[in-house]
1. Considering all alpha-carbon pairs of region 1-133, what whole percent are spaced by more than 20 angstrom?
2. Using the Karplus equation 6.51 cos²θ - 1.76 cosθ + 1.60 (θ = phi - 60°), what ³J(HN,Hα) coupling, rounded to whole Hz, does each residue of region 201-209 give in order, writing x for Gly and Pro?
3. Find how much the distance from M86 to R206 grows on full extension, using 0.36 nm per residue of separation minus their present alpha carbon separation; answer in nm with one decimal.
4. Kindly give Rg over Rh for region 30-96, based on alpha-carbon atoms, with the Kirkwood expression for the hydrodynamic radius.
5. For T145, list long-range residues whose amide hydrogen, built 1.01 Å from N in the peptide plane, is under 5 Å from its own amide hydrogen.
6. For R38, what is the net charge nearby, where nearby means another residue's Cβ is under 12 Å from its Cβ and Lys, Arg count +1, Asp, Glu -1?
7. Starting from the exponent 0.38 and prefactor 2.2 Å, build the expected Rg for region 112-225 from its residue count and divide its actual Cα Rg by it.
8. Pulled fully out, how much extra length does the chain show between A39 and N170, if you take 0.36 nm times their separation in residues and subtract their Cα-Cα distance?
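Read-outs: derived from the displayed coordinates by stated rules, not from any lab. The model shown is predicted, which means the values in this text are computed figures rather than measured ones. Don't worry about glycine lacking a Cβ; one is built from the backbone with ideal geometry, like all the others, and counts go over all protein chains shown.
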Amino acid sequence: MANGMIKIDGIDREITGAIFDLDGTLIDSMQVWVDVDRAFMRERGLPYDEEYFDALKHITLEDAADYTIKRYHLSDDPQTLIDWWMDAATRAYHEQVMLKPYVYEWLSYLHENGVKIGLATACETPLFLPALKRLGIFSFFDAYTTLSEVTRSKRFPDIFLLSAKRLAVNPQNCVVFDDVIDGLLGAKDAGMAVVGVYDETSASLRAEIEASTNCYIMNFGELLP
C-alpha cells in the first residue's frame with residue numbers, strides 16, 4: 001500500500017507514520033506487571049512501593065533486574081530475575097491481556113488510509129508477538145522496535161528515530177501514542193507529534209502528561225472520524 005496521510009485534531013502537521021507504545025497504550029497489561037512485581041516481592045520478603053513500580057515502567061527487563069538488585073542489595077544474577085518475571089508474565093500475555101477500547105478500530109482506520117504503523121516498546125518479543133497475533137492486530141504493523149535494540153531509555157529519542165527509519169517516514173510526519181511521560185518526552189525530542197493515552201496506572205500524572213502532549217485521549221474512539 002502506498003503511503004497515505006491523515007490529520008488529527010490538535011496536531012498541526014500531516015501524519016504519515018504512527019508509532020505506538022504497547023503496554024498501557026494498546027493493551028491493558030500494566031496491571032500484569034504490577035501483579036508480577038508484587039508476587040516477586042512477596043516471594044523475596046521485600047517491601048513494595050509505587051516508586052519502585054514507577055521506576056520500572058517502560059525500561060528493559062535487563063535494566064529492571066539491575067535496578068532491583070542494586071535497590072534491594074540482592075546477590076542474584078540479573079538473568080535469574082529476568083527468567084522469573086518472564087515466566088510469570090508469559091501466560092498473561094499469551095492468553096489473557098486484552099486490547100484497550102477502540103484500538104482495533106483505530107489501527108484499522110490508519111491502515112486503510114495508508115499510514116505506516118510501528119510499535120516502539122520495552123516489552124520483550126516473546127511476550128508481545130503472540131499477544132498481537134492472538135488479538136488480531138499483528139498484520140496492521142509495518143515494523144516493530146524494542147528498547148533492547150537501542151542504548152538509552154524511552155526518555156530519549158533513539159527508539160522513536162529507529163522506528164521512523166524502519167517505517168521509512170520522516171520523524172516530523174510521525175505521531176507517537178504513549179501512556180507514560182518519559183516516552184512522550186522522548187518522542188518530542190525526536191521531533192514527533194505526541195498523543196497521551198489514559199491508563200489507570202498513570203492517572204496520578206495525568207496533568208503532567210497532558211501538559212507535555214499535542215492532545216490527550218481517554219481512548220482511541222475519540223480520534224475516529
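1. Details: 4610 of 8778 pairs.
Tail fraction, whole percent: 53.
2. 6, 10, 4, 5, 9, 4, 4, 5, 5
3. Numbers: separation 120, 0.36 × 120 = 43.20 nm, distance 2.92 nm.
Once the chain is fully extended between M86 and R206, it gains 40.3 nm.
4. Values: Rg = 11.3 Å, Rh = 12.1 Å.
Answer for region 30-96: 0.93.
5. The list, which skips near neighbours in sequence, is L119, A120, T121.
6. It works out to a net charge of -3.
7. Details: Rg = 13.8 Å, N = 114, 2.2 N^0.38 = 13.3 Å.
In units of the globular-protein estimate, region 112-225 measures up at 1.04.
8. On the way: separation 131, 0.36 × 131 = 47.16 nm, distance 4.26 nm.
Once the chain is fully extended between A39 and N170, it gains 42.9 nm.
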